[in-house]
Amino acid sequence: MRLTQQAHAALAKILTPGDHAIDATCGNGYDTCFVAQQVGPTGRVLGIDIQPEAIRATRGALEQAGCSGQSILVQDSHANMMAIADEHGLHAPMAVMFNLGYLPGTDKRITTTVDTTIQALNAARALLAPGGALSVMSYRGHSEGAHEHAAVVRWCQSAKERGDTVQQRTAPANGPVWSLVIKPRSGPA
Ligand code: SAM
């Protein structure tokens, strides 16, 4: 199974109808649609992407999947996630997904970067409900990606030291790495 499918399978066990969730990098909307289907019409998903093309593609995908009603899309940097979530009444998400890098078929220079990704991971971890999960797909195959991936690994190590459960799976041949970080159900926020 591909790592993206493994990420969906893990989050399908955590998300239930009525939950709140965030897709921090909408791209073509595959992950946003998946999350919107899991939380159902009584839940809410906030999708964020910096590119208008991604917001358009995701809006179309959500309409096709019949999931627009439970979805809010915002064109902005995920570094501003805390303020965006607050503005849109998105509280204590059970899952926050990141699929880092650039949108295939568009300008590769518009890619996630270390500083904004780490800011967004910190915001996501603070927002997350107890027992909730952060799913991060990072890419080692291009130079910004390798640098960012190393920062994600360091961030996950600190999360583990603070008491989160962290699992990592690696695709062969310098392929993507999937990190799953679960916030404890009780104990320090
Ligand atoms: N999850 C997507 C899907 O299901 O199709 C794929 C995401 S794609 C690999 C990465 C996305 O991150 C791109 O659409 C890009 O525009 C977006 N991105 C880059 N920098 C960003 C930022 N600072 N904040 C939010 N999105 C960003």
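Mind counting the residues in the range 32-56 that are part of a helix (DSSP H, G or I), of a type outside the set (A, V, I, L, M, F, W, C) and either touching a helix residue (DSSP H, G or I) at 6+ places or on another chain (Cβ under 8 Å) or more than 9 Å from the ligand (Cβ to nearest atom) (or both)? Give the steps one after another, and end with the answer.
Initial filter on the range 32-56 (part of a helix (DSSP H, G or I)): 32-39, 52-56.
Subset that is of a type outside the set (A, V, I, L, M, F, W, C): 32, 37-38, 52-53, 56.
In the following step, the residues that additionally are either touching a helix residue (DSSP H, G or I) at 6+ places or on another chain (Cβ under 8 Å) or more than 9 Å from the ligand (Cβ to nearest atom) (or both) were identified as 32, 37-38, 52, 56.
Number satisfying all stated conditions: 5.
Which members of the range 118-143 meet the condition of being assigned to a helix (DSSP H, G or I) and either farther than 15 Å from residue 159 by Cα or more than 15 Å from the chain's Cα centre (by Cα) (or both)?
Applying the first criterion (assigned to a helix (DSSP H, G or I)) to the range 118-143 yields 118-127, 143.
Within the range 118-143, 143 is the sole residue that qualifies.
Scan the range 3-31 for residues that are in a loop (DSSP other than H, G, I, E, B) and without any contact (Cβ under 8 Å) to a residue 40 or more places away in the chain and report the count. Steps first, please.
If we filter the range 3-31 for residues that are in a loop (DSSP other than H, G, I, E, B), which is where we start, we get 15-19, 24-29.
This time we only want the ones that are without any contact (Cβ under 8 Å) to a residue 40 or more places away in the chain, so: 17-18, 29.
Matching residues across the range 3-31 total 3.
For the range 84-111, give me each residue that is within 13 Å of the ligand (Cβ to nearest atom) and over 15 Å from the mean Cα position of the chain (by Cα).
Once the filter is applied, which keeps residues that are within 13 Å of the ligand (Cβ to nearest atom) and over 15 Å from the mean Cα position of the chain (by Cα), the range 84-111 yields 104, 105, 106, 107, 108, 109, 110.
Taking residue 19, is it acidic (Asp, Glu) and within 12 Å of the ligand (Cβ to nearest atom)? Steps first, please.
Working: acidic (Asp, Glu): yes; within 12 Å of the ligand (Cβ to nearest atom): no.
No; evaluated as a whole, the condition is false for this residue.
Can you confirm whether the range 62-75 contains a residue that is within 14 Å of the ligand (Cβ to nearest atom), at pLDDT 95 or above, over 12 Å from residue 96 (Cα atoms) and β-branched (Val, Ile, Thr)?
Within the range 62-75, one or more residues are within 14 Å of the ligand (Cβ to nearest atom), at pLDDT 95 or above, over 12 Å from residue 96 (Cα atoms) and β-branched (Val, Ile, Thr).
What number of residues within the range 92-111 are more than 24 Å from residue 37 (Cβ to Cβ), touching a Gly at 6+ places or on another chain (Cβ under 6 Å) and in a loop (DSSP other than H, G, I, E, B)?
0
Is it the case that residue 161 is closer than 19 Å to residue 43 by Cα, modelled with pLDDT of 95 or more and more than 15 Å from the ligand (Cβ to nearest atom)?
It is false that residue 161 is closer than 19 Å to residue 43 by Cα, modelled with pLDDT of 95 or more and more than 15 Å from the ligand (Cβ to nearest atom).
Quick check on residue 59: is it surrounded by fewer than 24 Cβ atoms within 10 Å (Cβ to Cβ), among the basic types (Lys, Arg) and either away from the ligand (no atom under 13 Å from the Cβ) or modelled with pLDDT of 95 or more (or both)?
Values: surrounded by fewer than 24 Cβ atoms within 10 Å (Cβ to Cβ): yes; among the basic types (Lys, Arg): yes; either away from the ligand (no atom under 13 Å from the Cβ) or modelled with pLDDT of 95 or more (or both): yes.
For residue 59, the condition - surrounded by fewer than 24 Cβ atoms within 10 Å (Cβ to Cβ), among the basic types (Lys, Arg) and either away from the ligand (no atom under 13 Å from the Cβ) or modelled with pLDDT of 95 or more (or both) - is met.
State all residues of the range 165-181 that are touching a strand residue (DSSP E or B) at 6+ places or on another chain (Cβ under 9 Å) and surrounded by fewer than 19 Cβ atoms within 10 Å (Cβ to Cβ); if no residue qualifies, say none. Write out each step before concluding.
Pass one, the range 165-181, residues touching a strand residue (DSSP E or B) at 6+ places or on another chain (Cβ under 9 Å): 165-171, 176-181.
Of everything in the range 165-181, those that are touching a strand residue (DSSP E or B) at 6+ places or on another chain (Cβ under 9 Å) and surrounded by fewer than 19 Cβ atoms within 10 Å (Cβ to Cβ) turn out to be 165, 166, 167, 168, 169, 170, 171.
Go through the residues of the range 156-173 one by one and say whether even a single one is hydrophobic (A, V, I, L, M, F, W, C), in a loop (DSSP other than H, G, I, E, B) and touching a residue at least 24 places away in the same chain (Cβ under 8 Å).
Scanning the range 156-173, I find at least one residue that is hydrophobic (A, V, I, L, M, F, W, C), in a loop (DSSP other than H, G, I, E, B) and touching a residue at least 24 places away in the same chain (Cβ under 8 Å), so the answer is yes.
Determine the pairs where a residue that is within 20 Å of residue 85 (Cα to Cα) and among the aromatic types (Phe, Trp, Tyr), located within the range 96-117, has a partner that is within 7 Å of the ligand (Cβ to nearest atom) and at pLDDT 95 or above with Cβ atoms under 7 Å apart, the partner being 6 or more residues away or on another chain.
Listed pairs, sorted by first residue: 98/24; 98/25.
The values are calculated or read from the model by the stated rules, or taken from the named source; none is laboratory data. Just so it is clear, the model here is predicted, and its values are computed rather than measured. Positions of Cβ are backbone-derived with ideal geometry, glycine not excepted, and every protein chain shown enters the neighbour counts.
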